[in-house]
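Participant: One structure coming up, written as structure tokens, with questions to follow.
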Amino acid sequence: MPQFLSHFVDSTPGDPLRDRRPRQVHGALWSKVEPTPVSAPRMVAWSPEVAGMLGLDEATMRSAETTQVLAGNALWPGMVPYAANYGGHQFGHWAGQLGDGRAIVLGELVAPDGSRHELQLKGAGPTPYSRRADGRAVLRSSIREFLCSEAMHHLGVPTTRALSLVATGDSVIRDMFYDGNPQAEPGAIVCRVAPTFLRFGNFELCTSRDDLALLKLLADDTVKRFFPELGAPAKETYAAFYREVARRTAQLIAHWQAVGFVHGVMNTDNMSILGLTIDYGPYGWIDDFDPGWTPNTTDADQRRYRFGNQPTIGLWNIERLGIALMPLFEDDESLVTAGLLEYQRTFEQEATRRFAAKLGLSSVQSEEDVALINGCFAWLAAEETDMTLFFRGLAQVVTTETAPAELPQVVREAFYGEVPDSHVARGVEWLQAWWHRTRREDAPPAELARRMNAVNPKYVLRNWLAQQAIDAAHAGDDSEVHTLLDVMRRPFDEQPGRERFAAKRPDWARSKPGCSALSCSS
Ligand code: AMP
Ligand code: MG
């Protein structure tokens, strides 16, 4: 039986009321609330890596009791379930109190190695923060969150993890297209795992209510538990904490850009204080390299959260956090500025380093190198070209005996349609400049190819792949979920026989809901 702690609820102020009615909760960081039972829970899939990390063996994961717990129908001893109270800026505007409307933390599991992990059920029923919604989640969005959490982890991107995906046996009503056509869909619950699910919005809410005592308690507890190296509570410590969050966030977003991940809803309530990818909703993977693309239909007009705008939004969000922390900075604005600079500096460095590595370069040494990288972006964006196939293909070009005289087949295969000759000519010119630059690296081409394959994934959770697994699951077949989970465990390896999972978006998926456009209805 795993051992559970309840540090957060034991040591910070909470809501004295225990009823689930939607309401404003003041002076409290959380509300105790138990999951609402479901009628016929069934374990659809679980992550062997997360189970292993938590010390849950296969027999435990396969037991009926575990399914009951991970469905919210039972608790293990020591679990003290709660929903967190937070606010946030949504699409650029302060939205007030939001909170965990359907996520419930069960408890803090102590792993065999002593590390601590919160287990959180998403879709576990109403909480005081559910506002007018039902507290539930549908199977399609739960499959997407389950698979993507693990796919991101295996790519090396910081993320909340997913232990399990349980079908509830209950249906959930959703108007997926927001067109007045609500449908019953199968419900599901994902058990997410992270050291903490605290967001920028937890801090913002305290300050927005002028509850500076609560802000200080939250900041002190967060630093003590997750940033102990920064020191005891003091203005300088809060400033160092802020800069560290800025640094991690910049690193995270540079990593997203490098793998072609678009979060879709970078509201400040969806920004982890640990710099993890959190809250997988209408996210998407870039197929063709289009900086203007957003998967989120709710954002289709403004495109605030488009691929190319994620770095800027990260900065904007860091500024919101800085403003929320101002009382702890004793209103010293220069500390906010320092955080913003930290973000910009880190992003610049990390994005450059990552894209250089994708091109086989160990460092960026000159203005020409910068121009080479920018030239690559400009060429990729000019005609529909698959980002993942393009970068993966370069490892085959780097090993050719001479500079390419024409566009190699692997690069041509990354195009989604016909391209003009002038575009091909520009591509050849760019490839030649790049190929010659790679000869100045201090490693043989075969070694460069090896390094490139270790940073340019072959397999990413393309939107249409996830959608196929969803369609199969709706038809009663969970095997595609299992296969995809398994493929995404080794994204950088060639996996013979599984090439179809590395294919570019098929034509049927170009404008199919779930493949190119996703609503927030989940
Ligand atoms: P999101 O855009 O998914 O990050 O959600 C924003 C806010 O809406 C959060 O406070 C969520 O807890 C809440 N929320 C989203 N879906 C539901 C739901 N089905 N039931 C209750 N609250 C929800
Ligand atoms: Mg959220």
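Participant: Give me the one-decimal nm value for the distance between modelled label points at E229 and E441, 7 Å along each residue's Cα-to-Cβ direction.
Facilitator: 2.9
Participant: Please compute the length gained on full extension between D301 and E348, using 0.36 nm multiplied by the number of residues separating them and subtracting their Cα-Cα distance. Provide the component values of the computation, followed by the final result.
Facilitator: On the way: separation 47, 0.36 × 47 = 16.92 nm, distance 2.81 nm.
The span from D301 to E348 would gain 14.1 nm if fully extended.
Participant: Given contacts defined as C-alpha pairs under 8 Å and at least six residues apart, what's the relative contact order of the range 201-357, whole-number percent? The partial results should precede the final answer.
Facilitator: Working: 208 pairs, mean separation 47.9, N = 157.
With pairs under 8 Å counted, the relative contact order is 31 percent.
Participant: Follow-up question, since we're still on this one. Taking the Cα atoms of the range 449-522 alone, what are Rg (to one decimal) and Dmax (as a whole number) in Å?
Facilitator: When restricted to the Cα atoms of the range 449-522, Rg and Dmax are 13.6, 42 Å.
Participant: Within straight cross-link reach of K235, meaning Cα distance under 26 Å, which lysines are found once same-chain residues fewer than 8 apart are removed?
Facilitator: K216, K224
Participant: What number, in percent, do you get for the relative contact order of the chain if the mean sequence gap of Cα pairs under 8 Å and at least 6 apart is divided by its residue count?
Facilitator: On the way: 1027 pairs, mean separation 73.2, N = 522.
Relative contact order comes out at 14 percent.
Participant: A further question follows. Please tell me the relative contact order of the range 360-522 in percent, rounded to the nearest whole number, where contacts are Cα pairs under 8 Å and at least six residues apart. Don't skip to the answer; put the middle values down first.
Facilitator: Numbers: 152 pairs, mean separation 37.8, N = 163.
Computed over the range 360-522, the figure is 23 percent.
Participant: If you don't mind, another one. Return the subset of K122/K458; K358/K458; K122/K512; K32/K122 for which the Cα-Cα distance in this structure is over 21 Å, preserving the input order.
Facilitator: Working: K122/K458 30 Å; K358/K458 12 Å; K122/K512 26 Å; K32/K122 15 Å.
Correct reply: K122/K458; K122/K512.
Participant: Give the share of C-alpha pairs in each 10 angstrom bin for the range 201-357, from 0 to the last occupied bin, in whole percents, shortest bins first.
Facilitator: 11, 39, 32, 16, 2
Participant: Quick check: pseudo-label points 7 Å beyond the Cα along Cα→Cβ at F91 and Q3, how many nm apart are they?
Facilitator: The answer from the label model is 4.8 nm.
Participant: In what order do R440, R462 fall by count of nearby beta-carbon atoms within 10 Å, going from fewest to most? Don't skip to the answer; put the middle values down first.
Facilitator: Values: R440 8, R462 25.
Exposure proxy ranking, most exposed first: R440, R462.
Participant: Let me ask something additional. Which loop-located trypsin sites (Lys or Arg not before Pro) does the range 3-52 contain, where loop means any DSSP state but H, G, I, E or B and the Cβ has at most 16 other Cβ atoms within 10 Å? It would help to have the intermediate numbers written out before the result.
Facilitator: Details: sites: R18, R20, R23, K32, R42; in loops: R18, R20, R23.
Passing both the DSSP loop test and the Cβ count: R18, R23.
Since every read-out is calculated from the coordinates, none of them should be taken as a lab result. Computed from a predicted model, the values in this text were never measured in an experiment. Cβ coordinates were reconstructed from backbone atoms using ideal geometry, including for glycine residues, and neighbour counts include every protein chain displayed.
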